[in-house]
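Note sheet for the following structure.
Every read-out reported here was derived from the displayed coordinates using simple, explicitly stated rules and does not represent laboratory data. From a predicted model like this one, the values you see are computed outputs, not experimental measurements. Here the Cβ positions follow ideal geometry from the backbone for every residue, glycine too, while neighbour counts run over all protein chains shown.
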Amino acid sequence: CRRMALLEESVRLLYREWFVRLRFPGHEHTRIVDGVPEGWERRTLNKLTSFLKRRITPTYDDEAEGLVINQKCIRDGRVNLDLARRQSKQVPPERLIQLGDVLVNSTGEGTLGRVAQVKVIIPNCTVDTHVTIVRPVDDVARHYFGLAVMDWEPRFSTMGKGATNQTELSPATIGETEIVMPSHILLEQFELFAEPLYEQVTNLVNQNQKLRAARDLLLPRLMSSEIAV
């Protein structure tokens, strides 16, 4: 959906302007200390997260209610649930996907290091053993955190260890990576800008899902002539 892409791009552009190019409000009067603006700090993901793990080994069942996200679902910064599979295994609550979780592809070639953030509530959904959940603590600016971790995607893709066909990006390696945390006031301003735009994206996603559900319900009936055209 072009409108969704434009909304997400608006947030990314402001992120890059403020936090990459460092042209944030008041930058003209801010000193650079140890490579970052005064008042900002570098912190590892270990210190910014409440959960940073993989799992589960799913029990696949096309009739089950549970969903499991795999590496194919993560592409271009988005989670595509059309490629998720159904599974029936009981999942501990902390391993269920939560709003704001960042997902990182963590094994294999080609998809290693891809990153996406969960921006809509997905009931009864987890990840398989090839995806790492990176969950920010409650007081971390959620939208900033997601974009900052996504900035690591090109480097994550080269940080895997192991044989060619079994390359692995471990949770420990992910946890040791650093992102810069700007001042609280600046993060608050950024979140105030990003939140309503991402809400519009969520509404568009929900509308698209309803349209697909209606199509899937009506199309077989049209094809079988149950409904007159």
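Listing for the model above:
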| read-out | value |
| --- | --- |
| Cα-projected label distance for Gln98 with Glu63, points at 7 Å along beta-carbon direction, nm | 3.4 nm |
| Separation of the Ser50 and Glu153 label points, Cα + 7 Å toward Cβ, nm | 2.6 nm |
| Helical mean residue ellipticity (222 nm; -39500 (n - 2.57) per DSSP H run of 4+; nearest 500) of the chain | -10500 deg cm²/dmol |
| Calculated FRET efficiency for the pair Lys72/Glu41, C-beta based, R₀ 25 Å, to 0.05 | 0.10 |
| Exposed-loop-free span, longest in the chain, where GluC sites (Glu not before Pro) count as exposed if DSSP calls them loop and at most 15 other C-beta atoms lie within 10 Å | 110-225 |
| Check: the chain dipole with +1 on Lys, Arg Cβ and -1 on Asp, Glu Cβ, in debye | 420 debye |
| Arg31/Glu176 FRET efficiency (R0 30 Å; Cβ-Cβ; nearest 0.05) | 0.60 |
| In Hz, Karplus ³J(HN,Hα) per residue of the range 34-51 (6.51, -1.76, 1.60; θ = phi - 60°; x = Gly, Pro) | 6, x, 10, x, 4, x, 8, 8, 8, 9, 6, 5, 4, 7, 10, 10, 9, 8 |
| Loop-located trypsin sites (Lys or Arg not before Pro) in the range 1-82 whose Cβ has at most 13 other Cβ within 10 Å (DSSP) | Arg21, Arg23, Arg31 |
| Calculated FRET efficiency for the pair Asp82/Leu217, C-beta based, R₀ 22 Å, to 0.05 | 0.85 |
| Paramagnetic reach from Leu204 in the range 140-162 [backbone N under 13 Å; point 7 Å along Cα→Cβ] | none |
| Which labelled figure in (1) 1.14; (2) 0.97; (3) 1.38 is Cα Rg over 2.2 N^0.38 Å, once derived from the coordinates | (1) |
| Label-point separation in nm, Ala5 to Leu192, each point 7 Å along Cα→Cβ | 3.2 nm |
| Radius 14 Å from Cβ of Trp152, net charge of other residues (Lys, Arg +1; Asp, Glu -1) | 0 |
| Summed residue charge, Cβ within 10 Å of Gln87's Cβ, Lys/Arg positive, Asp/Glu negative | -1 |
| Dipole magnitude of the range 76-117, debye to nearest 20 (Cβ charges: Lys/Arg +1, Asp/Glu -1, about Cα centre) | 200 debye |
